[in-house]
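What follows is a set of notes on a single structure, which appears directly below.
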Amino acid sequence: MKCLNCGNDIANNLQVKEIFLFNEIPENYICNLCRSQLAPLANRNNCPRCFKPEINGICDDCKMWEQKYQIINCHQALFEYNQFIHNYFKLYKRYGDVLLAKLFYQDIKNWSLKNHFDVVTYIPASQSHLQIRGFDPVYELYADIFDLQPLLTKVDSDKPQAQKNRLERLRTPQTFSPLPAMAQIQKNQSILILDDIYTTGRTLMHAHDIFFKANFKKITTFSLSR
Ligand SMILES: [Zn+2]
Ligand SMILES: [Zn+2]
């Protein structure tokens, strides 16, 4: 198997116990060299609400979300946003290499096996982005792993998030509305909302708020990077 990112061979250094459990190990599409450039967030002093690394206690942003939206942020992420993740998303999103959707398959799949939700949905691309790219990057990142239900629709905003500074991002008004399918879901079901990158948290907070206002009680958000 070749690494989807660099093309190097992926060494299969399986431990004995892994060989016995072979069927349960998710497929791996990233080599050890690429993997060594990742900064996993697990087991660090993360904000307990948003996984911001190296924070002791609840971060200021999460306190603000609580004040502003009455929402207790409940977010998890796998990797700190760094140069490797930046380059990855540039190739995947800007240059539209849809095959890269599977690079983190093993990591996301392992997380999915440990965390269970009744309903899993995702942050959708806007129509204009879909047309430009030809695929929905968040959907493709997770579609092989979760049974995704489209429950949100995104209104096109003035300019893309990536072109905004932090203050502009934080001030962006609500850009999601619920799809009719949301009305079919029972309010006591646990909801997971997926995104690719958590930057200011604004996008997921807006999505969270749609479910919160619709009276859902158990809402968790997740992103590959934070
Ligand atoms: Zn590689
Ligand atoms: Zn936080």
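Quick notes
- Descending Cα extents along the principal axes, the chain, whole Å: 49, 38, 36
- Considering only Asn46, Asn82, Asn165, the mean-square fluctuation computed in a Gaussian network model of the chain, springs between alpha carbons under 10 angstrom, is largest for Asn165.
- Per-peptide packing, taken as the mean over residues of other Cβ atoms within 10 Å, places 49-58, 174-183 in the sequence 49-58, 174-183 from highest down.
- Sorted largest first, the spans of the alpha carbon positions of the range 118-196 along the three principal axes are 36, 26, 20 Å.
- Annotation: the range 27-87 has a Kirkwood hydrodynamic radius of 13.1 angstrom, from the mean reciprocal C-alpha pair distance.
- Within the chain, no helix built from a complete DSSP H run reaches 30 Å or longer along its own axis (Cα positions) while carrying a mean Kyte-Doolittle hydropathy of -1.0 or higher.
- A simple charge model with +1 on the Cβ of Lys and Arg, -1 on the Cβ of Asp and Glu and nothing else charged puts the dipole of the range 43-225 at about 360 debye relative to its Cα centre.
- Once the 1.4 Å probe is applied to the protein heavy atoms, the range 23-115 comes out at 55 Å² accessible per residue.
- Magnitude of the charge dipole, the range 108-203, Cβ model with Lys/Arg +1 and Asp/Glu -1, debye to 20: 400 debye
- Candidate lysines - alpha carbon under 18 Å from Lys63, same-chain residues fewer than 8 apart omitted: Lys52
- Cross-link table Lys68/Lys102; Lys68/Lys187; Lys68/Lys114; Lys164/Lys218, entries beyond 28 Å C-alpha to C-alpha: Lys68/Lys102; Lys68/Lys114; Lys164/Lys218
The values are calculated or read from the model by the stated rules, or taken from the named source; none is laboratory data. Note that the structure is predicted; figures quoted are calculated from it, not measured. In this analysis, Cβ positions are derived from the backbone assuming ideal geometry, glycine residues included, and neighbour counts consider all displayed protein chains. In case anyone asks, the SASA skips ligands and DNA or RNA and just uses the protein heavy atoms, side chains included. Shrake-Rupley method; radii C 1.70, N 1.55, O 1.52, S 1.80 Å.
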